[in-house]
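Right, one structure below, let's go through it.
The values are calculated or read from the model by the stated rules, or taken from the named source; none is laboratory data. Just so you know, these numbers come straight off a predicted model, no measurement behind them. Note that we place each Cβ from the backbone using ideal geometry, even for glycine, and neighbour counts take in every protein chain shown. Surface accessibility is based on the protein's heavy atoms, side chains included, excluding ligands, DNA and RNA. Shrake-Rupley method; radii C 1.70, N 1.55, O 1.52, S 1.80 Å.
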Amino acid sequence: MPSKVFISYSHKDEKFKDELVEHISGLVRNGDIVEWHDRKIIPASDWSAEISSHLLDSDLILFLVSSSFLSSDYCIDIEASKAIEMHDAGQAQLIPIIVRSTDWSSSPIAKFQGLPKDAKPVDTWGNLDEAWLNVVSGIRKHIEEFVPKANRSQAFISSDKGGLVVSPCINEWIEDTEITLTHRNVKKVKLSDVYVVPDVELLNENNKELKSFGSAEDVINDCSRIVISGDEQQGKTSLLKYYYKSLLIGSKIPLIINGEEVKDSSVLSLIAKELARQYEGITLDNYLETPGKVVIIDNLDKVHLNKKFRDKFILELCDIFDKCIFTVQSSFSLLIDEIPALDDFDKIDILVFGNKKREELIRNWISLGVIETITEEELYSKCDELKDAINSVVKKNIVPPKPIYILMLLQMFEANSKLSLELSSHGHCYQQLIYQAFSNAKIHDNEYDKYLNVLTELAWKIFINEGGLNSQQLRVFFDEYCDLYLDIEQEVVMPKLVKHSILCHKGLSIDFKYPYIYYFFVGKKISEAYSEYEEVQLKVDYLLDNMHREDCANILIFVTHHTKETWVINKIQDVLSNLFSEHLSATLDRRQLAFMDDFMRQIPELIIEQREIQRERDEYNEKLDKHEGTSDEEFQDESPDLLANINKTFKGMEVAGQIIRNRHASLRRDSLTLLAESGINAGLRFLKYFIVISDASKKEIVKVISSHLEENPELSNSQVEKFAENAYLHLTYGVINAVVRKISTSVGSKEAIQIYRMIEDREPSPALHLLKLSIELYFFKKIDIDSIESCMTKLSDNTVCVRIVKELVVRHIYMFPVNFKDKQKLSSLLNISVRGQSQIEMKRKRIS
């Protein structure tokens, strides 16, 4: 097995690090070593945790010593301190490599034999190759002679009483993902390979309505008494594993206790038992005298103690431990205020994963086994492909965006990567999640059909009832069910479905726990009964009339999963065809947009600025999270006709696109074409309506804007009028640009790209040229110079559309890697200057 080499250096000495890596490349190639340094950290990862993890796992620790290194608090106080502990314990060898002249005689690492020979600084050698040859020879000697005393899998920490070792069972627990994950690039997926620290919200005790948001990573440093609440499978235990490991790295001595195993309030005996299980080399008396004690209780709500002794248990823990971290179920968090022993605790809620956290988890998954070789282009392209697929499944909380569900979906995509694309359709994903829930509920395979049928009929009953069923309605449902089908026992079926989160209690009613299960089974009932029952047909008409609502739209998508018949697609096309049918589709030709020509000439030219891709992506995801966190869908039910039609247009486009992406392999070409045209034309008819109504209302809009600008005494009347008109035109341009992007991202599909190209060729217009280009950029995640050049040629006399093309391309450059040569071509083709191009490329290479 190759020795693991950890390289620590000051970034001011980066050239020495690069020279060292070059000279030890032969050892790497021969399989003698595997080297690691901080430039291998994936952008936006938790760099501190990455460094600590690789340091603890290393056999050989190389410090590139200089005045810059010695003046770095992190290098000396954190890395050197831990490295010296590991060296003294025989776990690793620490070798200082003196790269620049400096006085290191009084430093903590002065006692170690340095390289090159006689610790002569590398930069003072007449021949640098000779200096590095001497260094490599010393490294090779250490590799041949050194054998670590402790197994690398055992984390070492220190205490005032000497060294102790974490037991193998705890090391195994820390890395256990708790669900079986397989990946083609690694033998076993460890938790640390994929873990992403969640965000949390902290309740302000002085004002119960105020909450602050932040990373769970900060909580452990800022709080000493913590109660963390979260729904089941939301990642509470995984967060505790992360805390446990972080505390070990910080030389603390945590104890993890499972609340379900607490059956009496004898705290000391419990500590003694867990100490013996979790550590080797420390007694209870020594432990109690050691500073930095932390107790972690998973599932405090499940301790087997009454109220009086539970409070006594908690208070005694607080007396003994410097830090207490407890987790509880979200439902139990409502009772925390009734537990006096928890009055001084900070109350923390774990949040589900937003766009930023989902992307980080997906990047970790993609990088498994190839973290050192994967290119930025491959990483971000694959990341967005998986993110689009996962977001369409978890969007709007249909499936809660918990880490476990995202990992399960990634596992599905991984398993089906070489199979038919139809297997990874969204309906299949939901079906697999349901089967997983059945498996968790210990439902035998031969009973799947029975439970599927019960849930199908129950979902339909709840749909007809427009809400969950109370106990009386539930009894009636089972009586009626047993009249139609073979008898089933309500007392057996219901507890099992509730316990394993398929159904749940909502107040006094029984309902489905998650929307995706409910939508899935309502869609299943409709697909099976549509041709036979008028009641079902009338409900389909209701769904189509209310397609602007999230629930109705999603039920229709599930219907298309359950049936291959074309009636539902035909009905969706009819709805789309009738939206804004009094208008023709917008073409966005020069004549249609002539009123904006003067305004477009005044807009400053675009510049491709120096921006880091990961930072741009993070900011974009944060904006999405903020938007999703503030969006309010409660007004869907009572929308006025116009607003309902606008919402129905956008939602209808999404439904059409979802069907195309799910069924592209099984729908006939003519059906795909009609569906794509219906979605695109509905969006373009709305855009035509907007342009017409905006032009007709121009005077009124400008007047309203002017009334606000007139409050500024520094503006003359002519300036107010000019600013107001520009604001109106800027708004109009923004809507046109946004609608073009919305149509392309909603209706588009990578697999069906030939359909959109055919539609463009059949009815060429500036709008369709833009849509085809936007679909290519969004779904293929790469620049096609020829396609962009062709589009620019077709739009050369259309200033508005040319500007939209430029913005589409610049946005892509900020979100995905584009090589220097292609940027130069784009700069010339689009007449956009590139600011600081060489600096951008050099910086990105360093980051990579």
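Starting with the highest mean, order 311-317, 467-473 by the number of other Cβ atoms within 10 Å, averaged over the residues of each peptide.
311-317, 467-473
Residue 167 to residue 745: extension gain in nm, 0.36 nm per residue of separation minus the Cα-Cα distance?
Taking residue 167 through residue 745 to full extension adds about 203.0 nm, to one decimal.
Accessible surface of residue 182 in the full protein assembly, 1.4 angstrom probe, to the nearest 10 Å²?
Looks like 80 Å² after rounding.
Might you report the magnitude of the Cβ-based charge dipole of the chain about its Cα centre, with Lys and Arg at +1 and Asp and Glu at -1, to the nearest 20 debye?
Dipole of the chain, to the nearest 20 debye: 1840 debye.
What does the C-alpha gyration tensor say about the overall shape of region 165-351? Classify as rounded when a/c is under 1.5, otherwise prolate if a/b is larger than b/c, or oblate.
oblate
Considering only DSSP states other than H, G, I, E and B, which GluC sites (Glu not before Pro) in region 436-536 qualify as loop sites with at most 16 other Cβ atoms within 10 Å?
When the GluC sites (Glu not before Pro) of region 436-536 are filtered for loop state and at most 16 Cβ neighbours within 10 Å, 466, 489, 532 remain.
Highest first, please rank the peptides 74-87, 494-507, 56-69 by the mean number of other Cβ atoms sitting within 10 Å of their residues.
Most protected by this proxy first, the peptides run 56-69, 74-87, 494-507.
Return the lysines within reach of residue 141: Cα separation strictly under 30 angstrom, same-chain partners fewer than 8 residues apart disregarded; answer none if there are no such residues.
4, 12, 15, 17, 40, 82, 111, 117, 120, 149
Rounded to the nearest 500, what is the chain's calculated 222 nm mean residue ellipticity when only DSSP H runs of at least 4 contribute -39500 (n - 2.57) each, over all residues?
Computed ellipticity for the chain at 222 nm equals -17500 deg cm²/dmol.
Using only the Cα atoms of region 8-146, build the gyration tensor, take square roots of its eigenvalues as a ≥ b ≥ c, and label the shape rounded, prolate or oblate: rounded if a/c is under 1.5, else prolate if a/b is larger than b/c, else oblate.
Since a/c stays below 1.5, the shape of region 8-146 is classed as rounded.
First select every other residue whose beta carbon is under 15 angstrom from the beta carbon of residue 69; then total the charges, Lys and Arg +1, Asp and Glu -1.
-4
Rounded to a whole number, what % of the accessible area of region 3-145 do carbon and sulfur atoms account for, probe 1.4 Å?
That fraction is 48 percent.
If I model a spin label at residue 378 and residue 147 as a point 7 Å from the Cα along the Cα→Cβ vector, what separation in nanometres do I get?
Once both label points are built, they end up 3.8 nm from each other.
Put +1 on the Cβ of every Lys and Arg and -1 on every Asp and Glu Cβ in the chain; which of 108, 832, 678 then has its Cα farthest towards the positive end of the dipole?
832
Considering only protein heavy atoms, what per residue accessible area in square angstrom results for the chain with a 1.4 angstrom probe?
47
Could you work out the relative contact order of the chain? I mean the mean sequence separation of Cα pairs under 8 Å and 6+ apart, divided by the number of residues, in percent.
9
Can you find, among 203, 253, 168, the residue sitting farthest towards the positive end of the charge dipole of region 168-262, where Lys and Arg contribute +1 and Asp and Glu -1 at Cβ?
In region 168-262, that residue is 168.
Could you rank 533, 518 by how accessible they are, 1.4 Å probe, largest area first?
Correct descending sequence by accessible area is 533, 518.
I want to check the label-to-label distance for residue 388 and residue 641. Put each point 7 Å from Cα in the C-beta direction and report it in nm to one decimal.
According to this spin-label approximation, the distance is 3.7 nm.
Carbon and sulfur atoms: what percent of the 1.4 Å accessible area of region 165-351 do they account for?
49
Would you work out the charge dipole size for region 3-145 about its Cα centre, treating the Cβ of every Lys and Arg as +1 and the Cβ of every Asp and Glu as -1, and quote it to the nearest 20 debye?
Once rounded to the nearest 20, the dipole reads 200 debye.
Stretch residue 693-residue 506 to full length: gain in nm at 0.36 nm per residue minus the Cα-Cα span?
Working it through step by step, the gained length comes to 62.8 nm.
Taking a virtual spin label 7 Å from the Cα of residue 499 along the C-beta vector, which residues in region 307-342 bring their backbone nitrogen under 19 Å of it?
329
Lys/Arg Cβ at +1, Asp/Glu Cβ at -1, dipole of region 3-145 taken about the Cα centre: which of 71, 96, 37 is farthest positive-ward?
Projecting each Cα onto the dipole axis, the largest value belongs to 96.
Taking the 0 to 90 degree range and rounding to the nearest ten, how far is the long axis of helix 307-320 tilted relative to the main principal axis of the chain, both from C-alpha atoms?
In the chain, helix 307-320 runs at an angle near 50 degrees to the longest axis.
What is the extension gain from residue 269 to residue 29, computed as 0.36 nm multiplied by their sequence separation minus the C-alpha to C-alpha distance, in nm to one decimal?
Separation in residues times 0.36 nm, less the Cα-Cα distance, equals 81.1 nm.
Please arrange 560, 799 by accessible surface area, largest first, computed with a 1.4 Å probe and ligands excluded.
799, 560
Compute the Cα gyration tensor for the chain, then decide on rounded, prolate or oblate, letting a ≥ b ≥ c be the square roots of its eigenvalues: rounded whenever a/c is under 1.5, prolate when a/b is larger than b/c in the other cases, and oblate in all that remain.
Oblate.
Could I have the simple spin-label model distance between residue 566 and residue 258, label points 7 Å from Cα toward Cβ, reported in nm to one decimal?
It works out to 5.7 nm between the two label points.
Can you sort 568, 34, 370 by 1.4 Å-probe accessible area, starting with the largest?
34, 370, 568
Give me the percent of the accessible area of region 429-563 that comes from carbon and sulfur atoms, probe 1.4 Å, all protein chains in place.
Taking all protein chains in place, region 429-563 shows 47 percent carbon and sulfur surface.
Show the residues, 5+ positions off or on another chain, whose built amide H is closer than 5 Å to the amide H of residue 93.
60, 61
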